[in-house]
Amino acid sequence: MSQILTPEAEAVEACFRNKNVDPRPGWTWQESLKHSIRSGRELVEALGLPFDLASKAAEADFPVFAPLEYVSRMQLGRPDDPLLLQVLGTKDETDAASGLLDPVGDSQSTLVPGLLKKYAGRALMIASGACAVHCRYCFRRHFPYSDVPAGRSRWQPALDAISADQSIAEVILSGGDPLSLRDTALQRLIDSLGSMAHVQRIRVHTRFPVMIPQRVCQSLLTWVASSRCAVYFVLHFNHAAEVDQHVVDAMHKLKRAGAMLLNQSVLLKGVNDSEAAQRDLCQRLIDIPVLPYYLHQLDHVRGAMHFQVSDDRAREIIAALRKDLPGYGVPQLVREIAGQPHKVPL
Ligand SMILES: *Cc1c(COP(=O)(O)O)cnc(C)c1O
Ligand code: SF4
């Protein structure tokens, strides 16, 4: 059973019957979620690929979920498309039964339900269990989100804990994806955090602007611009082909609203594990402009082990990037090791 929640699961009635990989330009982000692809079969059909590429067994463990805005950036008829591989459940997931359910020790660092504190000065709020996409390699694919507070009143214990701990200078809104919440709820959360004098920075970990760029709407920009705290967005791009003009426009809007933009990606075999793919990604990012922050080695989560790249190979790729890119364009290669006081550089 999947633990990451699928937004508005009622809408399987996709506009995909006519194989039209064409998100309507006027959709709001909520409409876009509603029209997202919810099965591997629909996905391969839309791309003109054979049905047997999709695995029912993989989907029983973690459902397929991908917005049309993202699917429209995939190439037709290409089973190894780097965007497709991130979202299609394949038999590789069930072949390799190794991997852990809680690879990064989240369960041990829970302060109160929905609040994790692993590192000095920073606390991470699981603001929502829903996402704009289901990434097959997600380290939280088995996280018990149904135990996590949903809605405003249930955040109160987390807010009280942050308020009581003067050492917390930075609050990270994560999930799931915090931007799956309504902006009215986010505005209240930002206001509550902003009223705590010791909170200086708010960081939003999100894949929404990459998947559904119209999520960067006026009401979002309003709470970003209104915050007393410094606001960082840590986006999650894994491949240069994920950047289209809509995404670029969204980045510019966030920037103009005063946010600092960083990227974290995951090194994934078959998706972005070549010098060229990483160089293209980082180059594209600094142009739009988003600073590459972390390149993560895969967490050993069950169902994702086929994406693993060796540490030696990862170091080679980073060494190649250093030769071609400005220093600020090279991400730190890190792995999360449960119990360590920070992400561990390789
Ligand atoms: C990754 C993570 C952070 C942020 O770490 P940085 O190195 O500051 O990016 C904070 N809290 C938790 C629980 C994390 O997993
Ligand atoms: S958006 Fe983030 S939390 Fe959601 S499935 Fe992808 S990696 Fe996991």
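The values are calculated or read from the model by the stated rules, or taken from the named source; none is laboratory data. The structure displayed is predicted, hence computed values, not measured ones. Every residue, glycine among them, receives a Cβ derived from its backbone with ideal geometry; neighbour counts consider all protein chains shown. These accessible areas exclude ligands, DNA and RNA; they are computed on the full protein's heavy atoms, side chains included. Shrake-Rupley method; radii C 1.70, N 1.55, O 1.52, S 1.80 Å.
Quick notes on this structure:
- If you go through segment 156-169 and keep only what is surrounded by fewer than 20 Cβ atoms within 10 Å (Cβ to Cβ), under 14 Å from Ile126 (Cα atoms) and within 16 Å of ligand 1 (Cβ to nearest atom), you end up with just Ala161.
- Among (1) open to solvent by less than 10 Å² (accessible area, probe 1.4 Å); (2) away from ligand 1 (no atom under 16 Å from the Cβ); (3) among the small types (Gly, Ala, Ser) - the single one Ala130 does not satisfy: (1)
- Verdict on Leu221 being among the hydrophobic types (A, V, I, L, M, F, W, C) and either within 16 Å of ligand 1 (Cβ to nearest atom) or within 30 Å of Gln166 (Cβ to Cβ) (or both): no
- Where Pro326 falls short, out of the listed (1) touching a Pro at 6+ places or on another chain (Cβ under 6 Å); (2) farther than 29 Å from Ser109 by Cβ; (3) open to solvent by 30 Å² or more (accessible area, probe 1.4 Å): (1)
- Segment 217-233, residues that are more than 16 Å from ligand 2 (Cβ to nearest atom) and closer than 22 Å to Ala66 by Cβ: Cys217, Leu220
- If you go through segment 170-201 and keep only what is over 23 Å from the mean Cα position of the chain (by Cα), among the aliphatic types (A, V, I, L, M) and within 16 Å of ligand 1 (Cβ to nearest atom), you end up with just Val199.
- Among the conditions (1) β-branched (Val, Ile, Thr); (2) within 16 Å of ligand 2 (Cβ to nearest atom); (3) at pLDDT below 95; (4) not in a loop (DSSP other than H, G, I, E, B), Ile172 misses just one, which is (3).
- Taken over segment 44-78, the criterion of being in contact with a Ser or Thr (Cβ under 7 Å, 6 or more places away or on another chain), among the small types (Gly, Ala, Ser) and within 20 Å of Pro25 (Cα to Cα) is satisfied by Ala66 alone.
- Of the residues making up segment 108-143, those that are polar (S, T, N, Q) and either at positive phi or more than 16 Å from ligand 2 (Cβ to nearest atom) (or both) are Gln108, Ser109, Thr110.
- Here Ala314 fulfils each of the conditions (1) part of a loop (DSSP other than H, G, I, E, B); (2) surrounded by 19 or more Cβ atoms within 10 Å (Cβ to Cβ); (3) at pLDDT 95 or above apart from (1).
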